[in-house]
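Heads up: the structure comes next, in C-alpha coordinates.
The values are calculated or read from the model by the stated rules, or taken from the named source; none is laboratory data. Remember, it's a predicted structure, so these values are computed and weren't measured experimentally. Every residue, glycine among them, receives a Cβ derived from its backbone with ideal geometry; neighbour counts consider all protein chains shown.
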Amino acid sequence: MADKDLNDVTDIQQVDKAAEGHGTVEFLLRRMRHKGDLPAFSKHIIEINSMLSSLKALTISTTGELANIILKDFSMTNKLLRIVNSAIYGSLSGKITTISKALLILGFEKVRMIASALLIFEHLQNKSQATELKEAAMESFMSGVIAMDLAENMKISKVEEVFICAMLSNLGKMLVICYFPEEYGEIKKQMIEKGIGEGHAAISVLGISYNELGMAVSRSWNFPDTIVRSMESPPPGVIEPPKTEFETLRNLTSYSNELCEIIMNTQDEDWTKAISEMSSRYQKSIPVPVKQMETLLETATSKIDNFSGIVNLDRKSSTLVNKLTAHFRPPVEEPQGEVPGGFKPKDASPTETIQDAGKPVDIVARDRAHIVTNGIAEITDVMKGGYNLSDVIYMILETMYRGFGFNRVLFCLKDVKGEKMSARFGLGDRAEDVVKVFQIRIGLSSDIFNIAITQGKGILIEDADAPTIVRNLPEWYQESVAAPAFLIYPLVIKGNCIGMFYADKDKKGPILTEVQRNSMEELRNMAIDVIMQKHG
(Lines give C-alpha, C1' and ligand atoms only; values in the text may rest on other atoms or scores of the structure.)
Protein backbone atom coordinates (compact mmCIF):
# COMPACT_ATOMS: atom_id res chain seq x y z
CA MET A 1 0.00 0.00 0.00
CA ALA A 2 1.37 3.45 -0.94
CA ASP A 3 2.21 5.98 1.79
CA LYS A 4 -0.58 8.28 0.63
CA ASP A 5 -3.11 5.47 0.80
CA LEU A 6 -1.87 4.57 4.26
CA ASN A 7 -2.28 8.20 5.36
CA ASP A 8 -5.82 8.23 4.01
CA VAL A 9 -6.69 5.04 5.91
CA THR A 10 -5.24 6.49 9.13
CA ASP A 11 -7.13 9.75 8.67
CA ILE A 12 -10.40 7.91 8.01
CA GLN A 13 -9.92 5.84 11.17
CA GLN A 14 -9.38 9.06 13.15
CA VAL A 15 -12.45 10.57 11.54
CA ASP A 16 -14.61 7.55 12.37
CA LYS A 17 -13.50 7.68 16.00
CA ALA A 18 -14.02 11.42 16.26
CA ALA A 19 -17.26 11.71 14.35
CA GLU A 20 -19.05 9.07 16.37
CA GLY A 21 -21.37 8.42 13.47
CA HIS A 22 -21.82 12.01 12.31
CA GLY A 23 -21.26 12.40 8.56
CA THR A 24 -20.52 16.13 8.67
CA VAL A 25 -17.29 15.65 10.60
CA GLU A 26 -16.15 12.91 8.25
CA PHE A 27 -16.98 15.10 5.27
CA LEU A 28 -15.07 18.03 6.77
CA LEU A 29 -11.89 16.07 7.39
CA ARG A 30 -12.11 14.41 3.98
CA ARG A 31 -12.34 17.85 2.35
CA MET A 32 -9.35 19.06 4.36
CA ARG A 33 -7.38 16.03 3.22
CA HIS A 34 -8.36 16.48 -0.40
CA LYS A 35 -7.12 20.06 -0.29
CA GLY A 36 -3.74 18.62 0.55
CA ASP A 37 -3.09 20.13 3.96
CA LEU A 38 -4.67 17.70 6.41
CA PRO A 39 -2.06 14.91 6.57
CA ALA A 40 0.93 17.18 7.27
CA PHE A 41 -0.94 19.50 9.64
CA SER A 42 -2.73 16.73 11.50
CA LYS A 43 0.51 14.81 11.92
CA HIS A 44 2.19 17.91 13.37
CA ILE A 45 -0.51 18.73 15.88
CA ILE A 46 -1.13 15.08 16.83
CA GLU A 47 2.62 14.71 17.36
CA ILE A 48 2.56 17.53 19.91
CA ASN A 49 -0.63 16.47 21.66
CA SER A 50 0.29 12.79 21.89
CA MET A 51 3.32 13.50 24.05
CA LEU A 52 1.38 13.86 27.26
CA SER A 53 -0.80 10.77 27.05
CA SER A 54 0.21 9.99 30.62
CA LEU A 55 2.42 11.41 33.33
CA LYS A 56 4.71 8.44 32.84
CA ALA A 57 5.50 9.74 29.36
CA LEU A 58 6.91 13.00 30.76
CA THR A 59 10.65 12.41 30.56
CA ILE A 60 13.78 14.22 29.40
CA SER A 61 13.15 12.64 26.01
CA THR A 62 9.59 13.88 25.57
CA THR A 63 10.44 17.36 26.86
CA GLY A 64 13.28 17.56 24.36
CA GLU A 65 11.09 16.29 21.55
CA LEU A 66 8.52 19.02 22.20
CA ALA A 67 11.23 21.69 22.30
CA ASN A 68 12.62 20.30 19.05
CA ILE A 69 9.24 20.41 17.27
CA ILE A 70 8.73 24.04 18.28
CA LEU A 71 12.29 25.17 17.53
CA LYS A 72 12.18 23.74 14.00
CA ASP A 73 9.62 26.44 13.18
CA PHE A 74 10.94 29.98 13.64
CA SER A 75 7.47 31.50 13.47
CA MET A 76 6.20 29.12 16.17
CA THR A 77 9.21 29.85 18.41
CA ASN A 78 8.67 33.59 18.00
CA LYS A 79 4.95 33.48 18.76
CA LEU A 80 5.25 31.16 21.76
CA LEU A 81 7.97 33.26 23.40
CA ARG A 82 5.91 36.40 22.89
CA ILE A 83 2.84 34.73 24.40
CA VAL A 84 4.66 33.65 27.56
CA ASN A 85 6.22 37.11 27.91
CA SER A 86 2.86 38.83 27.48
CA ALA A 87 0.16 39.87 29.92
CA ILE A 88 -0.91 36.25 30.54
CA TYR A 89 2.21 35.71 32.58
CA GLY A 90 2.58 39.16 34.12
CA SER A 91 5.14 38.10 36.71
CA LEU A 92 7.32 36.55 33.99
CA SER A 93 7.03 39.40 31.48
CA GLY A 94 10.29 39.76 29.59
CA LYS A 95 12.01 37.03 31.57
CA ILE A 96 11.75 34.02 29.26
CA THR A 97 13.95 34.00 26.18
CA THR A 98 14.24 30.27 25.39
CA ILE A 99 11.70 27.53 24.79
CA SER A 100 13.71 25.39 27.20
CA LYS A 101 13.12 27.85 30.04
CA ALA A 102 9.45 28.14 29.10
CA LEU A 103 9.21 24.37 29.59
CA LEU A 104 11.13 24.65 32.86
CA ILE A 105 9.05 27.49 34.33
CA LEU A 106 5.58 26.86 32.87
CA GLY A 107 5.68 23.10 32.57
CA PHE A 108 5.32 20.71 29.67
CA GLU A 109 1.52 20.72 29.49
CA LYS A 110 1.05 24.51 29.37
CA VAL A 111 3.67 24.96 26.66
CA ARG A 112 2.16 22.08 24.69
CA MET A 113 -1.34 23.61 24.86
CA ILE A 114 -0.11 27.05 23.76
CA ALA A 115 1.91 25.56 20.90
CA SER A 116 -1.09 23.53 19.71
CA ALA A 117 -3.37 26.56 19.77
CA LEU A 118 -0.87 28.69 17.86
CA LEU A 119 -0.46 25.95 15.26
CA ILE A 120 -4.19 26.00 14.59
CA PHE A 121 -4.37 29.78 14.26
CA GLU A 122 -1.40 29.94 11.92
CA HIS A 123 -2.69 27.06 9.80
CA LEU A 124 -6.18 28.49 9.37
CA GLN A 125 -5.09 32.05 8.66
CA ASN A 126 -3.16 30.98 5.59
CA LYS A 127 -6.38 30.19 3.73
CA SER A 128 -8.23 32.15 1.05
CA GLN A 129 -10.97 33.26 3.46
CA ALA A 130 -8.38 35.35 5.33
CA THR A 131 -10.59 38.29 6.31
CA GLU A 132 -13.38 36.28 7.93
CA LEU A 133 -10.91 33.86 9.51
CA LYS A 134 -8.94 36.73 11.01
CA GLU A 135 -12.15 38.16 12.47
CA ALA A 136 -13.04 34.78 13.97
CA ALA A 137 -9.49 34.51 15.32
CA MET A 138 -9.77 37.97 16.87
CA GLU A 139 -13.04 36.93 18.55
CA SER A 140 -11.27 33.84 19.87
CA PHE A 141 -8.40 35.82 21.34
CA MET A 142 -10.78 38.37 22.83
CA SER A 143 -12.77 35.53 24.36
CA GLY A 144 -9.58 34.10 25.82
CA VAL A 145 -8.61 37.42 27.40
CA ILE A 146 -12.09 37.87 28.91
CA ALA A 147 -12.13 34.32 30.31
CA MET A 148 -8.64 34.79 31.75
CA ASP A 149 -9.63 38.02 33.51
CA LEU A 150 -12.78 36.36 34.85
CA ALA A 151 -10.77 33.44 36.21
CA GLU A 152 -8.35 35.81 37.94
CA ASN A 153 -11.17 37.85 39.47
CA MET A 154 -12.92 34.72 40.70
CA LYS A 155 -9.64 33.33 42.15
CA ILE A 156 -9.81 30.29 39.87
CA SER A 157 -6.57 28.39 39.37
CA LYS A 158 -5.25 27.27 35.98
CA VAL A 159 -5.75 30.68 34.41
CA GLU A 160 -3.66 29.67 31.39
CA GLU A 161 -5.86 26.63 30.76
CA VAL A 162 -8.95 28.85 30.91
CA PHE A 163 -7.35 31.16 28.33
CA ILE A 164 -6.56 28.28 25.93
CA CYS A 165 -10.02 26.69 26.32
CA ALA A 166 -11.79 29.96 25.56
CA MET A 167 -9.42 30.73 22.70
CA LEU A 168 -10.08 27.35 21.05
CA SER A 169 -13.84 27.42 21.57
CA ASN A 170 -14.30 28.96 18.11
CA LEU A 171 -12.45 26.09 16.41
CA GLY A 172 -15.60 24.64 14.83
CA LYS A 173 -16.60 27.98 13.32
CA MET A 174 -13.11 28.65 11.97
CA LEU A 175 -13.00 25.22 10.33
CA VAL A 176 -16.36 25.86 8.66
CA ILE A 177 -15.20 29.26 7.35
CA CYS A 178 -12.03 27.68 6.03
CA TYR A 179 -13.26 24.41 4.56
CA PHE A 180 -17.00 25.02 4.04
CA PRO A 181 -17.08 28.50 2.45
CA GLU A 182 -20.34 27.82 0.56
CA GLU A 183 -22.06 26.44 3.64
CA TYR A 184 -20.78 29.34 5.72
CA GLY A 185 -22.23 31.74 3.18
CA GLU A 186 -25.59 29.96 3.51
CA ILE A 187 -25.39 30.24 7.31
CA LYS A 188 -24.97 34.01 7.06
CA LYS A 189 -27.78 34.19 4.52
CA GLN A 190 -30.20 32.34 6.80
CA MET A 191 -29.27 34.59 9.73
CA ILE A 192 -30.38 37.60 7.69
CA GLU A 193 -33.39 36.13 5.89
CA LYS A 194 -34.83 34.17 8.83
CA GLY A 195 -33.67 36.46 11.61
CA ILE A 196 -32.11 33.57 13.56
CA GLY A 197 -28.91 33.34 15.55
CA GLU A 198 -25.71 31.94 14.08
CA GLY A 199 -25.88 28.79 16.22
CA HIS A 200 -29.34 27.86 14.94
CA ALA A 201 -28.36 28.72 11.36
CA ALA A 202 -25.25 26.50 11.60
CA ILE A 203 -27.31 23.51 12.77
CA SER A 204 -29.86 24.17 10.03
CA VAL A 205 -27.22 24.20 7.29
CA LEU A 206 -24.67 21.69 8.60
CA GLY A 207 -26.84 19.44 10.72
CA ILE A 208 -24.34 19.91 13.54
CA SER A 209 -23.36 22.82 15.80
CA TYR A 210 -20.03 24.62 15.63
CA ASN A 211 -19.24 23.31 19.12
CA GLU A 212 -19.93 19.68 18.23
CA LEU A 213 -17.77 20.01 15.15
CA GLY A 214 -14.92 21.60 17.08
CA MET A 215 -15.11 18.92 19.76
CA ALA A 216 -14.98 16.06 17.26
CA VAL A 217 -12.04 17.49 15.33
CA SER A 218 -10.07 18.48 18.46
CA ARG A 219 -10.60 14.99 19.85
CA SER A 220 -9.20 13.50 16.62
CA TRP A 221 -6.16 15.76 17.11
CA ASN A 222 -5.57 14.28 20.59
CA PHE A 223 -6.35 17.43 22.56
CA PRO A 224 -6.79 16.77 26.29
CA ASP A 225 -10.33 16.05 27.41
CA THR A 226 -10.51 19.28 29.44
CA ILE A 227 -10.14 21.35 26.28
CA VAL A 228 -12.45 19.15 24.20
CA ARG A 229 -15.28 19.17 26.77
CA SER A 230 -14.94 22.90 27.45
CA MET A 231 -16.47 23.36 23.98
CA GLU A 232 -19.74 21.78 25.11
CA SER A 233 -22.72 24.12 25.24
CA PRO A 234 -24.17 24.66 28.72
CA PRO A 235 -27.82 23.69 29.29
CA PRO A 236 -30.51 26.23 28.29
CA GLY A 237 -32.02 28.59 30.83
CA VAL A 238 -30.37 29.68 34.06
CA ILE A 239 -26.98 28.00 34.44
CA GLU A 240 -26.49 26.37 37.81
CA PRO A 241 -23.23 26.66 39.82
CA PRO A 242 -20.51 24.31 38.52
CA LYS A 243 -20.06 21.03 40.36
CA THR A 244 -16.85 19.94 38.62
CA GLU A 245 -13.71 21.51 37.18
CA PHE A 246 -14.97 20.65 33.69
CA GLU A 247 -18.22 22.59 34.28
CA THR A 248 -16.21 25.59 35.51
CA LEU A 249 -14.11 25.61 32.33
CA ARG A 250 -17.17 25.09 30.15
CA ASN A 251 -19.11 27.92 31.81
CA LEU A 252 -16.22 30.39 31.61
CA THR A 253 -15.63 29.48 27.97
CA SER A 254 -19.30 29.81 27.08
CA TYR A 255 -19.64 33.08 29.01
CA SER A 256 -16.70 34.81 27.32
CA ASN A 257 -17.87 33.66 23.88
CA GLU A 258 -21.43 34.82 24.40
CA LEU A 259 -20.16 38.20 25.51
CA CYS A 260 -18.18 38.54 22.27
CA GLU A 261 -21.20 37.44 20.24
CA ILE A 262 -23.32 40.13 21.85
CA ILE A 263 -20.81 42.78 20.79
CA MET A 264 -20.65 41.44 17.24
CA ASN A 265 -24.39 40.94 16.71
CA THR A 266 -25.98 43.75 18.76
CA GLN A 267 -26.27 47.45 18.08
CA ASP A 268 -24.45 49.64 20.57
CA GLU A 269 -27.68 51.04 22.03
CA ASP A 270 -28.95 47.50 22.72
CA TRP A 271 -25.82 46.27 24.51
CA THR A 272 -27.02 47.00 28.01
CA LYS A 273 -30.24 45.03 27.56
CA ALA A 274 -28.47 42.06 25.94
CA ILE A 275 -25.72 42.02 28.57
CA SER A 276 -28.30 42.30 31.35
CA GLU A 277 -30.18 39.26 30.03
CA MET A 278 -26.92 37.33 29.80
CA SER A 279 -25.97 38.37 33.34
CA SER A 280 -29.27 36.98 34.65
CA ARG A 281 -28.70 33.65 32.89
CA TYR A 282 -25.22 33.22 34.39
CA GLN A 283 -25.97 34.80 37.77
CA LYS A 284 -25.69 31.56 39.77
CA SER A 285 -22.60 30.31 37.93
CA ILE A 286 -20.64 33.50 37.20
CA PRO A 287 -22.09 36.29 39.38
CA VAL A 288 -20.79 39.33 37.53
CA PRO A 289 -22.89 42.54 37.60
CA VAL A 290 -23.62 44.32 34.31
CA LYS A 291 -21.28 47.18 35.18
CA GLN A 292 -18.43 44.76 35.82
CA MET A 293 -19.18 43.02 32.50
CA GLU A 294 -18.61 46.34 30.78
CA THR A 295 -15.34 46.68 32.69
CA LEU A 296 -14.31 43.21 31.52
CA LEU A 297 -14.86 44.23 27.92
CA GLU A 298 -12.98 47.50 28.36
CA THR A 299 -10.02 45.73 29.98
CA ALA A 300 -9.95 43.07 27.26
CA THR A 301 -9.98 45.77 24.59
CA SER A 302 -6.96 47.47 26.12
CA LYS A 303 -5.11 44.15 26.38
CA ILE A 304 -5.78 42.79 22.92
CA ASP A 305 -2.64 44.40 21.47
CA ASN A 306 -0.63 41.94 23.54
CA PHE A 307 -2.08 39.13 21.46
CA SER A 308 -3.13 40.48 18.08
CA GLY A 309 0.43 41.17 17.00
CA ILE A 310 1.50 37.68 17.98
CA VAL A 311 -0.70 35.98 15.38
CA ASN A 312 -0.60 38.76 12.77
CA LEU A 313 -4.10 40.07 13.49
CA ASP A 314 -4.73 43.69 12.55
CA ARG A 315 -6.85 45.23 15.29
CA LYS A 316 -7.64 48.24 13.09
CA SER A 317 -9.48 46.08 10.55
CA SER A 318 -11.39 44.04 13.16
CA THR A 319 -15.13 44.74 13.44
CA LEU A 320 -15.16 43.47 17.01
CA VAL A 321 -12.26 45.63 18.17
CA ASN A 322 -13.54 48.68 16.31
CA LYS A 323 -16.97 48.37 17.96
CA LEU A 324 -15.40 48.04 21.39
CA THR A 325 -12.94 50.85 20.74
CA ALA A 326 -15.72 53.16 19.60
CA HIS A 327 -17.68 52.29 22.74
CA PHE A 328 -14.88 52.73 25.26
CA ARG A 329 -12.37 54.83 23.28
CA PRO A 330 -9.27 53.53 25.10
CA PRO A 331 -5.89 55.07 24.20
CA VAL A 332 -4.21 53.28 21.31
CA GLU A 333 -0.68 52.22 22.16
CA GLU A 334 2.01 52.02 19.55
CA PRO A 335 3.54 48.55 19.04
CA GLN A 336 6.51 47.95 21.25
CA GLY A 337 9.99 47.39 19.87
CA GLU A 338 12.07 44.32 20.40
CA VAL A 339 11.13 41.52 22.73
CA PRO A 340 13.49 39.09 24.45
CA GLY A 341 15.66 37.01 22.16
CA GLY A 342 15.91 39.67 19.45
CA PHE A 343 12.36 39.14 18.20
CA LYS A 344 10.23 41.93 16.79
CA PRO A 345 6.48 42.46 16.48
CA LYS A 346 6.57 41.57 12.78
CA ASP A 347 6.93 37.80 12.49
CA ALA A 348 8.53 35.86 9.70
CA SER A 349 6.17 34.70 7.01
CA PRO A 350 4.05 31.78 8.28
CA THR A 351 5.46 29.66 5.46
CA GLU A 352 9.05 30.26 6.57
CA THR A 353 10.32 27.51 8.81
CA ILE A 354 13.99 28.45 8.79
CA GLN A 355 15.19 30.97 11.31
CA ASP A 356 16.50 33.79 9.12
CA ALA A 357 14.61 33.57 5.81
CA GLY A 358 14.51 36.87 3.96
CA LYS A 359 16.44 38.93 6.52
CA PRO A 360 19.48 41.07 5.64
CA VAL A 361 22.74 39.58 6.88
CA ASP A 362 23.41 42.37 9.40
CA ILE A 363 19.95 41.93 10.99
CA VAL A 364 20.44 38.16 11.17
CA ALA A 365 23.77 38.65 12.93
CA ARG A 366 22.25 41.14 15.38
CA ASP A 367 19.30 38.86 16.17
CA ARG A 368 21.58 35.91 16.77
CA ALA A 369 23.86 37.98 19.00
CA HIS A 370 20.84 38.98 21.10
CA ILE A 371 19.75 35.36 21.40
CA VAL A 372 23.21 34.31 22.61
CA THR A 373 23.54 37.21 25.05
CA ASN A 374 20.06 36.70 26.49
CA GLY A 375 20.50 32.93 26.57
CA ILE A 376 23.74 33.15 28.57
CA ALA A 377 22.12 35.58 31.01
CA GLU A 378 19.10 33.29 31.38
CA ILE A 379 21.26 30.22 32.00
CA THR A 380 23.32 32.12 34.58
CA ASP A 381 20.13 33.12 36.39
CA VAL A 382 18.77 29.56 36.44
CA MET A 383 22.07 28.21 37.80
CA LYS A 384 21.78 30.47 40.85
CA GLY A 385 18.84 28.47 42.22
CA GLY A 386 17.70 24.88 42.32
CA TYR A 387 17.77 23.32 38.88
CA ASN A 388 17.77 20.07 36.99
CA LEU A 389 20.94 19.28 35.01
CA SER A 390 19.04 18.29 31.87
CA ASP A 391 17.03 21.55 31.94
CA VAL A 392 20.20 23.66 31.89
CA ILE A 393 21.81 21.52 29.18
CA TYR A 394 18.72 21.97 27.01
CA MET A 395 18.91 25.75 27.52
CA ILE A 396 22.57 25.67 26.46
CA LEU A 397 21.73 23.56 23.40
CA GLU A 398 18.91 25.89 22.39
CA THR A 399 21.11 28.97 22.76
CA MET A 400 23.72 27.33 20.51
CA TYR A 401 21.14 26.14 17.99
CA ARG A 402 19.31 29.45 17.58
CA GLY A 403 22.17 31.84 18.38
CA PHE A 404 24.78 30.37 16.02
CA GLY A 405 22.43 29.22 13.25
CA PHE A 406 23.40 25.55 13.47
CA ASN A 407 21.54 22.92 11.50
CA ARG A 408 21.80 20.52 14.43
CA VAL A 409 23.43 20.43 17.88
CA LEU A 410 23.99 17.39 20.15
CA PHE A 411 25.07 16.78 23.74
CA CYS A 412 27.18 13.65 24.28
CA LEU A 413 28.40 11.86 27.42
CA LYS A 414 30.96 9.13 28.08
CA ASP A 415 29.63 5.91 29.57
CA VAL A 416 30.65 4.65 33.02
CA LYS A 417 33.23 2.20 31.64
CA GLY A 418 34.84 4.92 29.51
CA GLU A 419 34.55 2.80 26.37
CA LYS A 420 31.97 4.81 24.43
CA MET A 421 30.68 8.37 24.11
CA SER A 422 27.07 8.64 22.98
CA ALA A 423 24.68 11.46 22.11
CA ARG A 424 22.06 11.83 24.83
CA PHE A 425 19.82 14.46 23.27
CA GLY A 426 19.88 17.19 20.64
CA LEU A 427 18.00 19.84 18.67
CA GLY A 428 17.59 20.51 14.97
CA ASP A 429 17.24 18.63 11.71
CA ARG A 430 16.69 14.88 12.24
CA ALA A 431 18.14 15.27 15.74
CA GLU A 432 16.13 12.36 17.12
CA ASP A 433 17.43 10.00 14.43
CA VAL A 434 21.03 11.19 14.66
CA VAL A 435 21.09 10.82 18.45
CA LYS A 436 20.37 7.11 18.03
CA VAL A 437 23.44 6.47 15.84
CA PHE A 438 25.89 9.02 17.25
CA GLN A 439 28.16 6.67 19.21
CA ILE A 440 31.92 7.08 19.37
CA ARG A 441 34.04 4.07 20.31
CA ILE A 442 36.84 5.52 22.45
CA GLY A 443 40.45 4.52 21.78
CA LEU A 444 39.73 2.05 18.99
CA SER A 445 40.67 4.44 16.18
CA SER A 446 42.33 7.78 15.53
CA ASP A 447 39.28 9.39 13.94
CA ILE A 448 38.57 13.07 14.39
CA PHE A 449 36.25 12.50 17.36
CA ASN A 450 38.88 10.49 19.24
CA ILE A 451 41.45 13.21 18.46
CA ALA A 452 39.14 15.78 20.06
CA ILE A 453 38.58 13.52 23.08
CA THR A 454 42.31 12.86 23.54
CA GLN A 455 43.43 16.46 23.09
CA GLY A 456 40.46 17.98 24.90
CA LYS A 457 40.34 20.88 22.46
CA GLY A 458 37.64 22.19 20.16
CA ILE A 459 37.82 21.28 16.48
CA LEU A 460 36.07 23.27 13.72
CA ILE A 461 35.74 21.71 10.26
CA GLU A 462 34.72 24.09 7.46
CA ASP A 463 34.78 21.48 4.66
CA ALA A 464 34.08 17.90 5.69
CA ASP A 465 34.62 16.72 2.09
CA ALA A 466 38.30 17.67 2.08
CA PRO A 467 40.39 14.49 1.56
CA THR A 468 42.38 15.04 4.77
CA ILE A 469 39.14 15.24 6.76
CA VAL A 470 37.26 12.39 5.04
CA ARG A 471 40.11 10.02 5.91
CA ASN A 472 39.54 10.77 9.59
CA LEU A 473 35.77 10.46 9.67
CA PRO A 474 34.34 7.20 11.05
CA GLU A 475 32.21 5.11 8.72
CA TRP A 476 29.06 5.45 10.85
CA TYR A 477 29.33 9.23 10.64
CA GLN A 478 29.76 9.30 6.88
CA GLU A 479 26.77 6.99 6.41
CA SER A 480 24.32 8.52 8.91
CA VAL A 481 25.27 12.19 9.38
CA ALA A 482 27.77 13.48 6.79
CA ALA A 483 27.36 17.18 7.52
CA PRO A 484 29.18 19.58 5.13
CA ALA A 485 30.71 21.48 8.08
CA PHE A 486 30.76 20.79 11.82
CA LEU A 487 32.45 21.42 15.15
CA ILE A 488 33.33 19.41 18.25
CA TYR A 489 33.74 20.98 21.69
CA PRO A 490 34.91 18.50 24.36
CA LEU A 491 33.84 18.81 28.00
CA VAL A 492 36.97 18.29 30.07
CA ILE A 493 36.95 18.05 33.87
CA LYS A 494 40.29 17.60 35.70
CA GLY A 495 41.99 16.38 32.54
CA ASN A 496 39.26 13.85 31.74
CA CYS A 497 36.99 14.31 28.71
CA ILE A 498 33.56 13.33 30.03
CA GLY A 499 31.46 14.54 27.12
CA MET A 500 31.20 16.88 24.16
CA PHE A 501 29.00 19.23 22.18
CA TYR A 502 28.67 18.47 18.49
CA ALA A 503 27.11 20.95 16.05
CA ASP A 504 26.91 21.15 12.28
CA LYS A 505 25.72 23.31 9.39
CA ASP A 506 24.12 22.37 6.09
CA LYS A 507 26.65 24.34 4.02
CA LYS A 508 30.43 24.41 3.81
CA GLY A 509 32.20 27.46 5.15
CA PRO A 510 33.10 29.19 8.41
CA ILE A 511 31.35 27.69 11.43
CA LEU A 512 31.74 30.54 13.92
CA THR A 513 33.08 34.08 13.96
CA GLU A 514 35.73 34.99 16.52
CA VAL A 515 33.11 36.57 18.78
CA GLN A 516 30.87 33.51 18.43
CA ARG A 517 33.80 31.22 19.30
CA ASN A 518 34.22 33.09 22.57
CA SER A 519 30.50 32.69 23.30
CA MET A 520 30.62 29.01 22.32
CA GLU A 521 33.47 28.46 24.77
CA GLU A 522 31.55 30.31 27.47
CA LEU A 523 28.52 28.07 26.92
CA ARG A 524 30.76 24.98 26.97
CA ASN A 525 32.29 26.17 30.25
CA MET A 526 28.83 26.74 31.71
CA ALA A 527 27.98 23.12 30.91
CA ILE A 528 31.16 21.98 32.67
CA ASP A 529 30.29 24.13 35.71
CA VAL A 530 26.76 22.78 35.96
CA ILE A 531 27.97 19.17 35.67
CA MET A 532 30.59 19.75 38.37
CA GLN A 533 28.04 21.40 40.66
CA LYS A 534 25.66 18.48 40.30
CA HIS A 535 28.12 15.62 40.27
CA GLY A 536 31.33 16.96 41.80
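Exactly one residue out of ILE239, ILE146 is under 22 Å from LEU320 (Cβ atoms), touching a helix residue (DSSP H, G or I) at 6+ places or on another chain (Cβ under 9 Å) and at pLDDT 85 or above, and it is ILE146.
Go over the candidates THR253, THR226 one by one and state the one that is under 26 Å from the mean Cα position of the chain (by Cα) and at pLDDT 90 or above.
THR253
In this structure, LYS359 does satisfy being more than 14 Å from MET142 (Cβ to Cβ), at pLDDT below 65 and touching a helix residue (DSSP H, G or I) at 6+ places or on another chain (Cβ under 9 Å).
Taking region 63-85 as the range and being modelled with pLDDT under 75 and polar (S, T, N, Q) as the test, the residues that pass are THR63, SER75. Can you confirm whether GLU240 is in the same structural domain as VAL288 (by TED's automatic domain parsing), of a type in the set (D, E, K, R), surrounded by fewer than 14 Cβ atoms within 10 Å (Cβ to Cβ) and in contact (Cβ under 8 Å) with a residue 12 or more places away in the chain? Yes: the conditions hold for GLU240. With respect to (1) crowded, with 20+ Cβ neighbours inside 10 Å; (2) among the aliphatic types (A, V, I, L, M); (3) in contact (Cβ under 8 Å) with a residue 40 or more places away in the chain; (4) touching a strand residue (DSSP E or B) at 6+ places or on another chain (Cβ under 6 Å), the lone exception for LEU487 is condition (3).
One line per residue, one yes/no per condition, for (1) in contact (Cβ under 8 Å) with a residue 60 or more places away in the chain; (2) crowded, with 17+ Cβ neighbours inside 10 Å; (3) closer than 25 Å to ARG517 by Cβ; (4) outside the structural domain of THR399 (by TED's automatic domain parsing):
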| site | (1), (2), (3), (4) |
| --- | --- |
| LYS420 | no, no, no, no |
| PHE425 | yes, yes, yes, no |
| ALA431 | yes, yes, yes, no |
| VAL437 | no, no, no, no |
| ARG441 | no, no, no, no |
| SER445 | no, no, no, no |
| GLY456 | no, no, yes, no |
| ILE461 | no, yes, yes, no |
| ILE469 | no, no, yes, no |
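Determine whether MET264 is buried (at least 21 other Cβ atoms within 10 Å of the Cβ), in contact (Cβ under 8 Å) with a residue 12 or more places away in the chain and part of a helix (DSSP H, G or I). Criteria not met by MET264. Remark: ALA57 matches the filter, which requires a residue to be in contact with a helix residue (DSSP H, G or I) (Cβ under 7 Å, 6 or more places away or on another chain) and modelled with pLDDT under 65. Being more than 22 Å from ILE393 (Cβ to Cβ) and either at pLDDT 60 or above or in the same structural domain as ILE379 (by TED's automatic domain parsing) (or both), is that true of even one residue in region 92-114? Looking through region 92-114, at least one residue is more than 22 Å from ILE393 (Cβ to Cβ) and either at pLDDT 60 or above or in the same structural domain as ILE379 (by TED's automatic domain parsing) (or both). Of the numbered criteria (1) surrounded by fewer than 21 Cβ atoms within 10 Å (Cβ to Cβ); (2) closer than 17 Å to LYS110 by Cα; (3) among the charged types (D, E, K, R), the one GLU161 fails is (1). Would you check if GLY426 is at pLDDT 90 or above and in contact with a Pro (Cβ under 7 Å, 6 or more places away or on another chain)? Judged against the criteria, GLY426 is not a match.
Of the set (1) surrounded by fewer than 22 Cβ atoms within 10 Å (Cβ to Cβ); (2) without any contact (Cβ under 8 Å) to a residue 60 or more places away in the chain; (3) closer than 28 Å to LYS316 by Cα, all apply to SER285 but (3).
The set of residues in region 150-198 being touching an Asp or Glu at 6+ places or on another chain (Cβ under 7 Å) and without any contact (Cβ under 8 Å) to a residue 12 or more places away in the chain consists of MET191 alone. Could we say that ASP391 is in the same structural domain as GLU479 (by TED's automatic domain parsing), surrounded by fewer than 20 Cβ atoms within 10 Å (Cβ to Cβ), touching a residue at least 40 places away in the same chain (Cβ under 8 Å) and out of contact with any Cys (no Cβ under 8 Å at 6 or more places or on another chain) here? It is true that ASP391 is in the same structural domain as GLU479 (by TED's automatic domain parsing), surrounded by fewer than 20 Cβ atoms within 10 Å (Cβ to Cβ), touching a residue at least 40 places away in the same chain (Cβ under 8 Å) and out of contact with any Cys (no Cβ under 8 Å at 6 or more places or on another chain).
Residue-by-condition table, conditions (1) over 21 Å from VAL111 (Cβ atoms); (2) of a type in the set (D, E, K, R); (3) not assigned by TED's automatic domain parsing to the domain that holds LEU324:
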| residue | (1), (2), (3) |
| --- | --- |
| GLY144 | no, no, no |
| ALA147 | no, no, no |
| ALA151 | no, no, no |
| ILE156 | no, no, no |
| ALA166 | no, no, no |
| GLY172 | yes, no, no |
| PHE180 | yes, no, no |
| LYS188 | yes, yes, no |
| MET191 | yes, no, no |
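Residues that are in contact with a strand residue (DSSP E or B) (Cβ under 8 Å, 6 or more places away or on another chain) and over 19 Å from SER446 (Cβ atoms) within region 493-509 comprise ILE498, GLY499, PHE501, ALA503, ASP504, LYS505, LYS507, LYS508, GLY509, listed in sequence order. Looking across GLU294, GLU258, GLU277, GLU269, one residue alone is more than 19 Å from THR325 (Cα to Cα) and assigned by TED's automatic domain parsing to the domain that holds PRO236. It is GLU277. Whenever a residue of region 65-86 is closer than 12 Å to SER116 by Cα, its partners that are modelled with pLDDT of 75 or more and of a type in the set (Ser, Thr, Tyr), lying with C-beta atoms within less than 8 angstrom and at least six residues away or across chains, give the pairs ILE70/THR77.
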